[in-house]
1. For the range B:29-116, which helices (runs of 4 or more DSSP H) that fit wholly inside it have 1 or more residues that are open to solvent by 40 Å² or more (accessible area, probe 1.4 Å) and among the basic types (Lys, Arg)?
2. From the residues in the range A:37-47 that are more than 17 Å from B:Ile102 (Cβ to Cβ), part of a helix (DSSP H, G or I) and not basic (Lys, Arg), which one is least open to solvent (accessible area, probe 1.4 Å)?
3. Residues of the range B:12-50 being under 20 Å from B:Gly222 (Cβ atoms) and modelled with pLDDT of 65 or more, which ones?
4. Identify the single condition in (1) without any contact (Cβ under 8 Å) to a residue 40 or more places away in the chain; (2) over 17 Å from B:Phe207 (Cβ atoms) that B:Pro145 does not satisfy, given that it satisfies every other one.
5. Let me confirm something: among B:Thr228, B:Thr260, B:Thr248, which residue is touching an Asp or Glu at 6+ places or on another chain (Cβ under 7 Å) and β-branched (Val, Ile, Thr)?
6. Residue by residue through the range B:201-216, note down the ones that are at the interface with chain A (Cβ under 10 Å from one of its Cβ atoms) and surrounded by fewer than 22 Cβ atoms within 10 Å (Cβ to Cβ).
7. Given (1) more than 9 Å from chain B (Cβ to nearest Cβ); (2) within 25 Å of B:Thr261 (Cβ to Cβ), where does A:Ala66 come up short, assuming only one miss?
8. So B:Arg75 fits all but one of (1) closer than 30 Å to B:Ile33 by Cβ; (2) in contact (Cβ under 8 Å) with a residue 12 or more places away in the chain; what number is the exception?
Amino acid sequence: MENAMAFQSMLSIFLPLSLAIVGMFAALALGKAVSAAMDATARQPEAAGKILVNMIAGCALIEALAIYALVFAIMTSAKI
Amino acid sequence: MLFESVAWAAETAEHGTEAAHHAEGGAPHILNIIAFLQKLFPDSHFVHFLHQHENILFTVFCAILISFFCWLGARHRQMIPRGLQNCIEMLFEGLDKFVCGIIGPKGTKYTPFVGSVFLYILINNLMGVVPLMHSATSAFTTTLPIALAVFFYVQLTGIRELGLGGYLHHLVGSPNDLIGWMLAPLLLILHVIGELARPLSLALRLFGNISGEHVLMAIFMGMGVAITGVIKVPAPIHFPFLFLGLLTSFIQAFVFSLLTTIYLALLLSHEHEHDEAHGNDQHKTEQSLGITEIN
């Protein structure tokens, strides 16, 4: 009984924490990608459309990692 | 404490007419018309059946909606389009341009598949923002079949366009010298794992984004109802997230079809190599180098 309580309280501390860490690094990566895309657009405004498409593809790939963590957290949150 | 307050909010909302309710052990989700019917008639077997198959019902509804509008637009076809036909032609031309921009002029062949995937996912996602509707793409069992369809379509297109030999040549990393052939077994494993990871990552990305957005909206709806006790009016504090929902819906549908097109383009890029095999060697080496970099 006590073990189960410890397990649940550990989970409720570290589950949001894991999401926070993932969110932090995903935000850093997204910031890098978007700032590079902004630089590129400023240098060559006529290529803005192509750069936007490539940026969105890259952002989706970066975001996917954060989303995996979110899916895992939602699945595990049923155990709390 | 936070969990308690959320659970409390969800419970409070259950007594309200709209907003979120708390499913057993899961995240809160938005009340849709079928769940509402189940609340009205908890004993009816038919409603229970509907509730069990709600994702299928909503996807079928979405397919009917798309088919109906396409039929409506194509009913009186004219050389100079008017009204709905105009809109639909504009949409399809945009999709065609998008696909051809990535694959090249031969891409028109693949527009029907990519366009159907885009429209189906977009309409399914957008249904989540409509009150009393539910977006079926927030379930993994809806997104995985779409991703598997994309997987099989891409592989079969590769076999059809490159031939079985060309397809296997692509799978071992298109070697054309001794070192390339020595690395082939290693690259085969890498390519097979990469190909198998694609449907999983496509499905998980769509499912995670859409269901995450729904949980967010449901929690804010629950909070909006929960503060009724303080200010006596249900506050629509989830309102800004509806715009976020619109944005996510479009971006996820776009990303899904973009990645499908990119997978097709990666397979088909070898085709030009075969076409230009008679060109000079310098050019060929340069091109194959470029392709290895893309891979």
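The values are calculated or read from the model by the stated rules, or taken from the named source; none is laboratory data. Remember, predicted model here, so these are calculated numbers, not experimental data. FYI the Cβ positions are ideal-geometry reconstructions off the backbone, even for glycines, and counts take in every protein chain you see. Surface accessibility is based on the protein's heavy atoms, side chains included, excluding ligands, DNA and RNA. Shrake-Rupley method; radii C 1.70, N 1.55, O 1.52, S 1.80 Å.
1. Filter on the range B:29-116 gives B:33-40, B:84-103.
2. It comes out as A:Ala37.
3. Within the range B:12-50, B:Ala27, B:Pro28, B:His29, B:Ile30, B:Leu31, B:Asn32, B:Ile33, B:Ile34, B:Ala35, B:Phe36, B:Gln38, B:Lys39 qualify.
4. Condition (2) is where B:Pro145 drops out.
5. The unique qualifying residue is B:Thr248.
6. Within the range B:201-216, B:Ser201, B:Leu204, B:Gly212, B:Val215 qualify.
7. (1)
8. (2)
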